[in-house]
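The values are calculated or read from the model by the stated rules, or taken from the named source; none is laboratory data. This is a predicted model, so every value here is computed, not measured. Using ideal geometry, Cβ is built from the backbone for each residue, glycine included, and neighbour counts are taken over all protein chains shown. SASA here: full protein model, heavy atoms, side chains in, ligands and nucleic acids out. Shrake-Rupley method; radii C 1.70, N 1.55, O 1.52, S 1.80 Å.
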Amino acid sequence: MVDWRLFEPLFNYARKKSLWIVAFCTGCGGIEMPPLMTSRYDLERFGMMPNPAPRMADLFLITGYVTPKTLKRIIITYELQPDPKYVLAHGSCPLNGGIYWDSYNAIKHLDRYIPVDVAIAGCMPRPEAVMDGIKKIMEMIENGTADGWKRYKENYEWYKKNQDELFGEGWREKEARRWIPWLKKK
Amino acid sequence: MVSQSELVKEARENGMELLPLDKDTYELFFGPQHMATENFSIILKMDGHRVVKAIANPGFLHRGFEKLAEFRPWYTNIALLLRICVPEPDVPEAIYSMAVDELMGWEVPERAQWIRTVVLEMARVSSYLFWTMGLGFKLGVYTAGQWAAAYRERLMALFEELTGARVYHIYTIPGGVRRDIPSDKWLRQLKDTVEYIKDKLKDFDNVLFENYITHRRMEGIGVMDKKFALDEGVTGPNLRATGVAADVRKLDPYLFYPELDFEIPVLKEGDALARALVRRFELEQDLYILEQLLEMGPPSGAYKVQDPRLKALPRFKVPAGEAYAHVEATMGDFGAYVVSDGGSKPYRVQIRGPSIAHGIRVLEQLLVGARIADVPVILMSLGNCPPDIDR
Amino acid sequence: MIMGMKIKVAPEEEVKKRPSFIKPWMSLKYLFKKPVTIKIPYEPTQIAENYRGFHTLNWKTCIGCNMCGQICPARAIEMTWIEGEKRPHPKVDYGRCTFCQFCVDVCPTNALGFVSNYMLTTVWKDEELELFDWVPLPEEKVKKFTDYRHPLAKIEKLEDGKVRYVLRDGETVEFKILGYGLKPPKLQQKKEEKKA
Amino acid sequence: MLEIALRAFLILIYATFVGFMFMGIIRIVTARIHRRVGPPIYQPILDTIKLLSKKSNITHGLIYDFGIIYALGATILALMFIPLGNISILRAYGDLILITFLLEIPMLGIMFAAMSSGNPWAGLGAQRALLTLLAIQVPLGFAIIALAQFYGTFSTYEIVMAQQAGGWSIFHLPLFLAAIAYDIVLQAMFGKEPFDIMIAPGEISLGPMVEFGGKHMGMLQIQHAIALFAETLFFANIFLGGGSILVLLIKQVAVLMIAIFIGAIFPRFTIDQAAKFYWKWPTIIAALGAILASL
Amino acid sequence: MAKEEVIVQKVLEKAPYAEGKVKRERRIEFKVPADRIREFLMIMKENNFESMMQITVVDWLKDGEFELVYQLWSYTYAVHAFVKTRIPRDLDKARMPTVKDIYPVAETYERDAHDFYGVYFEGNEKMEMPWILDDAEQGLFPHRKDFDWLGYTKRKYKILDRFDEDKDNYVI
């Protein structure tokens, strides 16, 4: 059989040059995504485009603060993505809570719940800064050092423990069930 | 994840009342990971392609602003509260500042008022362009969307020059503005930009607002009538599209608006198309207002209130009382209710986002009977902005 | 409808648009026009002169009054006692900073300032994330980097509280952090001893 | 035998490559209308390599895998029947109805796969795809009848030959009408606005494609490339006079350009509007063509 | 006489139990006992206050009371009216009748007030329905003044605040 490892440099080049982004604005930074994707900054030059289906996407942009309610969806969406997948965190909020450091409804250290590859400073980061982050993640993909998805697999227990601590055990089932009675009542 | 069929099965076993069995309906979770909803979720009960029932599920962007504002000094709340409305962050800044001005009994200098008016109008233009982009993307005319986003960048550059930031300007503060106009060059650039966007409006008309298919897609869906809109507290362009001539800039004039000459568009249909066309006309009017303001020129004087209390900013105190200020944002009537107990922090700040009226109950009622393809269009035509529901 | 008020209402025919099949074709004229895209890695961008970026601090004029720490909406500023300095200096955490620059506005001696550099990108690893938390350097050391990037290449933590800032052109700044807070660390120690 | 196999392989390689280039052209030209630079022309190839190199692969059972193979196989088969200059292999058997049928089958294959994934969006998309398929049948049928009536044959190859002698089809009025109807149908086959109802990213998040990822999507990309090539090739052959490979390529690009232009400036119809539209204007035009051809 | 005074007089004639005053141009204020709020809002609606803008809850911890401010806007007069009422802030006593049938949009604002402050509006069937807050905060009513918000945040996210040692020196 063919040794696919021989093709790994080619694959890495293709992965680097064709990052599809999950269309999920998780916070304020989402407002800088349209300029990035459209004519002015045009990320499609690097083969990037937003993709509505998480099954096809490679790159997850956490655009700013994350609330627990959103984080549940982020985790599910992240797990839907096929490997290899990468996460880029925008601005201060995912790193340390940002201006919401004392808010009861904003995540403080995102890395405890899902693995993040690259962090960008700024509130919110300029499109140029985001592009700089994307350049960084592209370099890392080419070197093979963007290994967040591997970390997630290896330390799944740890991540799951943190997630369960925050949301309570069995949150996936509970969240899916939450709305059903209301649909039934009337 | 458990599948929906399993949940339905379980609900049946637990004796829950189920959906009417004669109709084959299913639930669709529309958002938050969806291109049309940004960060908002609607749970739809579907019968084929038709929506039978819709339930809005907000809260994905809730950070507890109103609580956090009670723990930060009066001044720094500006840096916090503007995050409530991301497409036009100047509006929360302006209403909060106006409310605090009223509490302090300050007479804001003319120059500051002029700058505030310009900033608010620029924010309106940029927000409408952003909305045009959204409408284009949701309808499938990506061309119009791409152009709108690109032309909006010109305004972003001007904002950057004036305020020092692209999106979160943190510019309007109680008692005036933070910086003066950088130079006359900036005013000339603003004039050029206004002319440029005015010129490009024809292109948007061609490809989006006068397009045959756009009209076919938007007419007759999401229809509101006048009484319904007033009962539901709908404001702004959505209300004007139902035939009510209401605009905060005319009814409760603030800043420089009494001196400006502009028309407000009113249509009677109350459908998505009417709402879109009202917004389209307002974009033109806002550019016209900016032109008038530029012709007027900035009044001379200070750009900030001269008050000794401003020296010790962190311990700056506001006399007890309450004030309500509201402005006309692109989404509707944006208001701030500020209560002070005389301390160095606000006692209570409530921001009234316009989307809380038209983004929950109105949306739920308008969606009933709509096709699944109309859901993003109705959502966009209402100008729903999730962060100001969630706060 | 409104009492005693005249509202100028636009005529309906001006607001309404007529649908057309032909007009959309006009937009094809942009096919042969120059794109408006800024080709970023190959084309420099223009940033406003007063863009609110990273902080600078004149260590000589900073009096350690903590006005900046009090005004900061994100509590990103922490007063730091440095060996050889009489007064504490602010330490800014960019994991919290919102770049509002209220701290610069309130600084009584104008020691704190800002430059238009705004770019800081790191891999999410503990040693690299150290870059997000620094005592701002004087303006001339930050301003010499005109590519809008953060001036530091890395922050090395040496033994007994010593820190070495390595700038991107190889220059190093070394100092020892004695403690944090408003009170001098020696007094704090004494208090603890007293309590003990 | 070996020669035929080799030729089939060559055609396949050529079609795939040119198809990918077409996908690149679509993206670049659309980008230029949007006033931006756009991706490099080889971008779809990189996308496909990336998708094929995905490490994890999600499948939802046998039908899910089979649907994609089915779609790919049908497209390749259709390609073999269409005359491609003088190197095609099955052109003598290429029947108008057969090719049209084979070109529509991939939609069914994708639908099988989508339906078996159990995602409600995919289900919605599949419903839409079925309705689109239903809607385009009528004008398509009339357009083919017009062709067959005019030339008195169903064979694609003979039609091409007849055009070499009597001039391109679109220069005859009845066939010109048929060509217009067929071109509108082609818009739906390409999945471009205003008839990209089936995938509608802003409404039903790519519809049938929502569950595909990794290698499945990679295969679908290849299928899409070949289908793009085959569809334009078919149009160029039956309406634009055929010719050698190079001449055909130019004609194909011309067909593609019209599709891109329409796609860039019109919004998407809803499915019921699209069905009504197809059963009205293209049907009337194509029927008129058929009647004129039979006179 | 200014139009605001006319409006206040007109309303007060019909509702003698209320206190009313003009705050400033285009802002009027009424104080109404909690049990007559429905009656009063009906009168307001008849007097051309077509839209409800919001319901604000102000938590006066010292008085042990919630102040509910129903904010109405009249497109006819272009006047903003604050209708204020006070109710006790204890969880079991903080109950109000709903005004959903008078101003339908009040349903949303009432859900909001219930979620953050624990004011229960009787007759609003969506009261128990999940609103903005997630499961973890439900029933905690985080916007009440006595809610230990910083402590809760620290416990929930396991963060240590580095300013804890000398908190008095910081304003926040």
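3J(HN,Hα) along region B:67-83: 6, 4, 5, 6, 10, 10, x, 3, 5, 6, 4, 4, 5, 9, 5, 5, 6 Hz, from the Karplus curve 6.51 cos²θ - 1.76 cosθ + 1.60 with θ = phi - 60°, whole Hz, x for Gly and Pro. Rolling a 1.4 Å probe over the protein heavy atoms leaves C:CYS107 with an accessible area of roughly 30 Å². Ranked by solvent-accessible area (1.4 Å probe, protein heavy atoms only, all chains present), the residues B:TYR96, A:TYR156, E:TYR17, D:TYR42 order from largest to smallest as D:TYR42, A:TYR156, E:TYR17, B:TYR96. Less than 5 angstrom separates the built amide H of A:TYR86 from those of A:LEU59, A:PHE60, all sequence-distant by 5 or more or on a different chain.
Taking R0 as 22 Å, what's the FRET efficiency between E:GLU128 and E:LYS93 from their Cβ-Cβ distance, rounded to 0.05?
Here the calculated transfer efficiency is 0.75.
Roughly speaking, what is the centre-to-centre gap between region E:14-75 and region A:98-142 when only Cα atoms are used, to the nearest Å? So the separation of the two Cα centres works out to 46 Å.
Just going by the charge dipole of region C:55-180, with Lys and Arg at +1 and Asp and Glu at -1 on Cβ, which of C:TYR148, C:PHE132, C:THR172 is farthest out on the positive end? The listed residue farthest towards the positive side: C:TYR148. Under a 5 Å amide H cut-off, with hydrogens placed 1.01 Å from N, E:GLN54 pairs with E:GLN71 among residues at least 5 apart or on other chains. Taking the Cα centre of the protein assembly as shown as reference, the dipole from Cβ charges on Lys and Arg (+1) and Asp and Glu (-1) amounts to some 980 debye.
First check a/c for region B:146-258, with a ≥ b ≥ c the square roots of the eigenvalues of its C-alpha gyration tensor; if it is under 1.5, answer rounded, and if not, answer prolate when a/b is larger than b/c or oblate otherwise. Since a/c reaches 1.5 but b/c is at least a/b, the shape of region B:146-258 is classed as oblate.
In this simple spin-label approximation, D:LEU246 and C:TRP59 carry label points 7 Å from Cα along the Cα→Cβ vector, and these lie 7.2 nm apart.
Please state the relative contact order of region D:47-294 as a whole percent: Cα pairs under 8 Å, 6+ residues apart?
On the way: 412 pairs, mean separation 79.2, N = 248.
Relative contact order for region D:47-294 comes out at 32 percent.
Counting only Cβ charges, +1 for Lys and Arg and -1 for Asp and Glu, the dipole size of chain D around its Cα centre is about 680 debye. Of the trypsin sites (Lys or Arg not before Pro) found in region E:1-104, those that fall in a DSSP loop while having at most 13 other beta-carbon atoms within 10 Å are E:LYS62, E:LYS93. Each Cα pair under 8 Å and six or more residues apart adds its sequence gap; the mean of these over the residue count of region A:1-157 is a relative contact order of 23 percent. Of the residues B:TYR303, B:TRP114, B:GLY222, the one whose Cα sits farthest towards the positive end of the charge dipole of chain B is B:TYR303 (charges of +1 on Lys and Arg Cβ, -1 on Asp and Glu Cβ, taken about the Cα centre).
Computed from phi, the 3J(HN,Hα) profile of region B:377-391 under the Karplus parametrisation 6.51, -1.76, 1.60 (θ = phi - 60°) reads 5, 5, 4, 6, 5, 6, x, 6, 10, x, x, 7, 7, 7, 6 Hz, with x in place of Gly and Pro. Dividing the summed -39500 (n - 2.57) terms of all DSSP H runs of n ≥ 4 by the residue count of chain D sets its mean residue ellipticity at 222 nm at -25500 deg cm²/dmol.
A Förster radius of 45 Å, combined with the Cβ-Cβ distance separating C:THR45 from E:TYR17, puts the computed FRET efficiency at roughly 0.10.
Summed over qualifying helices (DSSP H, 4 residues or more, each -39500 (n - 2.57)) and divided by its residue number, chain C shows a 222 nm mean residue ellipticity of -3500 deg cm²/dmol. Pairing the Cα long axis of helix C:185-195 with the longest principal axis of chain C, what angle in degrees results, from 0 to 90 and rounded to the nearest 10? The two axes meet at around 60 degrees. Using alpha carbon centroids, what distance separates region A:19-97 and region B:124-199, in Å? Region A:19-97 and region B:124-199 have Cα centres separated by 24 Å. Dipole magnitude for chain E: computed about the Cα centre from +1 point charges on Lys and Arg Cβ and -1 point charges on Asp and Glu Cβ, it is near 500 debye. The angle between the Cα long axis of helix B:184-204 and the main principal axis of chain B comes to about 20°, on a 0 to 90 degree scale. Reducing region B:313-344 and region B:35-97 to their Cα centroids gives an inter-centroid distance of 19 Å. Each residue of region B:229-240 was assigned a 3J(HN,Hα) from its phi angle through the Karplus curve 6.51 cos²θ - 1.76 cosθ + 1.60 (θ = phi - 60°); the sequence is 5, 5, 4, 7, x, 6, 10, x, x, 5, 6, 5 Hz, with glycine and proline shown as x.
Treating r as the C-beta distance of E:VAL6 and D:ASP272 and R0 as 51 Å, the FRET efficiency rounds to 0.40. Taking all protein chains as they are arranged and a probe of 1.4 Å, the heavy atoms of C:ARG168 leave approximately 90 Å² accessible to solvent. Close amide-amide hydrogen proximity is noted between C:THR37 and D:VAL37, each under 5 Å apart and 5 or more residues distant or on a separate chain (H modeled in the peptide plane; Pro and chain starts excluded).
Given a cut-off of under 8 Å on Cα pairs at least six residues apart, what relative contact order in percent is computed for chain C? Computed value for chain C: 20 percent relative contact order.
Could you work out the mean count of beta carbons from other protein chains within 10 Å of each residue's beta carbon in B:350-361? Can you show the working numbers first?
On the way: counts 9, 1, 6, 1, 1, 0, 6, 7, 1, 1, 8, 7.
Per-residue shielding by partner chains comes out at 4.
When region A:4-183 is described by a simple charge dipole with +1 on each Lys and Arg Cβ and -1 on each Asp and Glu Cβ, the residue from A:ALA119, A:ILE134, A:MET48 located farthest towards its positive end is A:MET48. Summing charges over all other residues whose Cβ lies under 13 Å from the Cβ of D:ALA200, with Lys and Arg as +1 and Asp and Glu as -1, gives +2.
My understanding is that a pair violates if its Cα-Cα distance is over 23 Å; which of A:LYS17/D:LYS192; B:LYS345/E:LYS145; B:LYS67/B:LYS250 do that in this structure? Could the numbers behind the result be given before it?
Numbers: A:LYS17/D:LYS192 25 Å; B:LYS345/E:LYS145 13 Å; B:LYS67/B:LYS250 32 Å.
With Cα atoms farther than 23 Å apart: A:LYS17/D:LYS192; B:LYS67/B:LYS250.
Taking Cβ atoms as reference points and 15 Å as the exclusive limit, the residues near A:ASP83 contribute a net charge of +4, counting Lys and Arg as +1 and Asp and Glu as -1.
In terms of the Cα gyration tensor, with a ≥ b ≥ c the square roots of its eigenvalues, is region D:73-179 rounded because a/c is under 1.5, prolate because a/b exceeds b/c, or oblate? Before the final figure, lay out each step's value.
Working: a/c = 3.61, a/b = 1.80, b/c = 2.01.
Oblate, because a/c is 1.5 or more while a/b does not exceed b/c.
Site pair C:LYS186 and C:LYS86 shows an inter-label distance of 1.4 nm when each label is modelled 7 Å from Cα along Cα→Cβ. Taking only Cα atoms, what is the 0 to 90° angle, nearest 10, from helix E:106-117's long axis to the longest principal axis of chain E? Once rounded, the angle reads 30 degrees. Can you bin region C:55-180 into rounded, prolate or oblate? Criterion: square roots of the alpha carbon gyration tensor eigenvalues sorted a ≥ b ≥ c, rounded for a/c under 1.5, prolate for a/b above b/c, oblate for the rest. Rounded shape, in that the Cα axes give a/c under 1.5.
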